[in-house]
Each structure stands twice: as structure tokens, then as C-alpha cells.
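The values are calculated or read from the model by the stated rules, or taken from the named source; none is laboratory data. Just so it is clear, the structure is predicted and the values come from calculations on it, not from any experiment. FYI the Cβ positions are ideal-geometry reconstructions off the backbone, even for glycines, and counts take in every protein chain you see.
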Amino acid sequence: MALGRQGQVAYLRGDLTQSGVTQSIVKSLAASLQKTESKHEKIIRIDCKKIRTVDNCGLQLLYVWMQCAKLRGVESELVNLPDSMQQTMRVMGLEQGFTGNTIHLKTESPK
């Protein structure tokens, strides 16, 4: 998995899986959150369009990262979720963990 960032959008690509998430990605996620907080941004969009595969471990990491952002006063929003990712969330019963007043599942149309 890799993480890129442009403004208020974090772009995830690759495998959001136990084997695809490395220590460097965890550090990149932490740095991205720190940058968001230091700029006093109130929202970060997480673009998932280029995620190839996802498993329970990857979703847990994403969920924890989003909760950490929320604790720091930064709302997060998942955008461009691949159908396979949405299906994995449903099959694992995790879609409720990603929905609520401040975390939204949505798909944006390509620009």
C-alpha cells in the first residue's frame, strides 16, 4: 500500500491488507494526520479508488486512523470506494463502524 497526499485529500493505493500495510505506511498515515492537524484543517478526504484488495486487518487500521483523526478534531470522509471494498465491509459486518455523523461512505464521480 502507498499513501499520497494533495491538499485535504489522502490517496490510498495498493493492498489494504495485513501483508500490504508496512511500518512505513503506518508512519506515513501518522505524518499525514499530524500535517492535517498542524494546518488546522477540519476535514480530510480519504480517496480509496486505487485500493486493489482489502482485508479485515486493513480495514481495522483505516478505522483506527479515522478515529485518531476524529479525536484530534479532524473529520474524515471515505470517497471513491471500490465495489470490492464496500462488499468486504458488508461481508465482515464493518460498514456500521465506518458510518455515523462525521464519517461518510460516498462515491464521487470521476473528474
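For residue 105, indicate whether it is touching a strand residue (DSSP E or B) at 6+ places or on another chain (Cβ under 7 Å), modelled with pLDDT under 85 and surrounded by 14 or more Cβ atoms within 10 Å (Cβ to Cβ).
yes
Which fully enclosed strands (runs of 3 or more DSSP E) of the range 1-99 have 1 or more residues being within 13 Å of the chain's Cα centre (by Cα) and polar (S, T, N, Q)?
Correct list: 75-79.
Of the residues 35, 42, 50, 27, which is without any contact (Cβ under 8 Å) to a residue 40 or more places away in the chain, in contact with a strand residue (DSSP E or B) (Cβ under 7 Å, 6 or more places away or on another chain) and loosely packed, with under 14 Cβ neighbours inside 10 Å?
Just a single option satisfies the conditions, and that option is 42.
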